[in-house]
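Notes for the one structure printed next.
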Amino acid sequence: MFSFSQILFFAFVIYFVEISSGSDSSQCKIPNQNETGHCVARENCTIYLELIKHENITNSRHAFLQQIQCINADNSDEIHVCCPLIGDYLDPDILITTPEIPRKPFELSSRFGDDLSEGTDICGTAVGENRIVGGETTKIDEFPWLALLIYLSRETNQFEHGCGGVLITKRFVLTAAHCVSGRSYKQVGILKKIRLGENNLYTNPDCDYIDGAPDCADTPLDFDPAAIIPHPKYDSISWDKFNDIALVKLNREAPYTDFIRTICLPSQYGITEADILNVQKLITAGWGRTDYFKKTRSIAPSSIKLKVALPVVKTPQCAKIYEQFTIRIIDSQICAGGTKGKDTCRGDSGSPLMYFNPRLAKWFVYGVVSKGPSECGTEGVPSVYTNVVKYGEWIKETVNNNS
């Protein structure tokens, strides 16, 4: 049985990892090298694991990490990489040059309003093709609605990124209440900036590579919080974390570009929980602690935006699991995860739990990361998310009253 401490989900810095159990391999070509490798689960490739330990991930290294992913023989969703048969990869930082060629944004802001009834035709759409596999690094224009919350640390007096969020209008970011109020917030620091359009924290510009040619993002934009509005019924003392949802108003309008967009709210399209019941997996993404880059238990954020696919766990089943920890789960919460090594974790509190509606060809925010086991990726213990569907009216009223 898990100890009570295992379920504590203190704030600030997520953990997206995946442990593959597959051992089958097939031949593959290592990009930019005249070498044949074998396609194996990434945790079975020691050279790959060494490569991703580096904290400062350059554009060329990031591109190489994407290019060496391969499709394994059994076509499973587990991520595989092309591993050298003998020796090491060549230095990925000299395989690909990284000239700074920024991509110009296109403007489409005239229909991108704070009124949640406006802009529904452009919300939830991204320029790039979305490749959904758990724990995978993202393309630079994937999930352009993701927001990074930056705090002035009380301990170090330095700016540090902590929670995540999601842009729902040109002036409002949706996040978790415990990221902007209550005990954790007061202990950790003060919210100072909200960053949009970020992908890799240590490179500017961020670039993907298509046939060796760079495709670069705009410089990320930082915004000041003009207003912080946690749900009025949020109780920071309770471990139940009911009503763990908040809105942050930006000090100015966000532009609409390839790299900054809004996600759709279920209420904008009349989508109910019944419409989402058959969804088997949901997607979450953000920056946070990950064993890809740090093989320690210390809090060490990822420099690269990551994504992971999580299985949905029905509320009654989830409630039974958390009952042993004397924590309640109710219908205003969603559970997802519980698969070994695949989870959200400390720090990506506030990040969105998303799903793609193929009929509408749009992404929707379904949940907001709230809490989970402190031993992230604990098998059989899913993480808990605030159910955005239940808060549609509160979101609409709050946005309209503060616009």
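The values are calculated or read from the model by the stated rules, or taken from the named source; none is laboratory data. Small disclaimer: the values here were computed from a predicted structure and weren't measured. Please note: Cβ atoms are built from the backbone with ideal geometry, for glycine as well, and neighbour counts cover all protein chains shown.
Restricting segment 343-360 to residues that are farther than 16 Å from residue 309 by Cα and either modelled with pLDDT under 80 or part of a strand (DSSP E or B) (or both), the residue that is farthest from the chain's Cα centre (by Cα) is 346. For segment 185-199, check the following and say yes or no: at least one residue is under 30 Å from residue 319 (Cα atoms), assigned by TED's automatic domain parsing to the domain that holds residue 331 and touching a residue at least 60 places away in the same chain (Cβ under 8 Å). Taking every residue of segment 185-199 in turn, at least one turns out to be under 30 Å from residue 319 (Cα atoms), assigned by TED's automatic domain parsing to the domain that holds residue 331 and touching a residue at least 60 places away in the same chain (Cβ under 8 Å).
Residue pairs whose Cβ atoms lie under 8 Å apart, separated by 6 or more positions or on different chains, with the first residue in segment 240-261 and closer than 23 Å to residue 205 by Cα and the second modelled with pLDDT under 95 and among the hydroxyl-bearing types (Ser, Thr, Tyr), are 253/109; 255/109; 256/109; 261/125. Per the listing 260, 229, the residue uniquely in a strand (DSSP E or B), surrounded by 15 or more Cβ atoms within 10 Å (Cβ to Cβ) and of a type in the set (A, V, I, L, M, F, W, C) is 229. For segment 29-66, the tally of residues that are surrounded by fewer than 17 Cβ atoms within 10 Å (Cβ to Cβ), modelled with pLDDT of 70 or more, outside any helix (DSSP H, G or I) and under 26 Å from the mean Cα position of the chain (by Cα) stands at 0.
Strands (runs of 3 or more DSSP E) wholly in segment 144-202 with at least 2 residues that are surrounded by fewer than 23 Cβ atoms within 10 Å (Cβ to Cβ) - which ones? By residue number, 146-153, 159-167, 189-196.
Assessment of segment 203-220 against the conditions (in the same structural domain as residue 371 (by TED's automatic domain parsing), modelled with pLDDT of 95 or more and under 20 Å from the mean Cα position of the chain (by Cα)) yields no matching residue. On the stretch given as segment 289-322, residues that are among the aromatic types (Phe, Trp, Tyr) and either at pLDDT below 70 or not in a helix (DSSP H, G or I) (or both) total 2.
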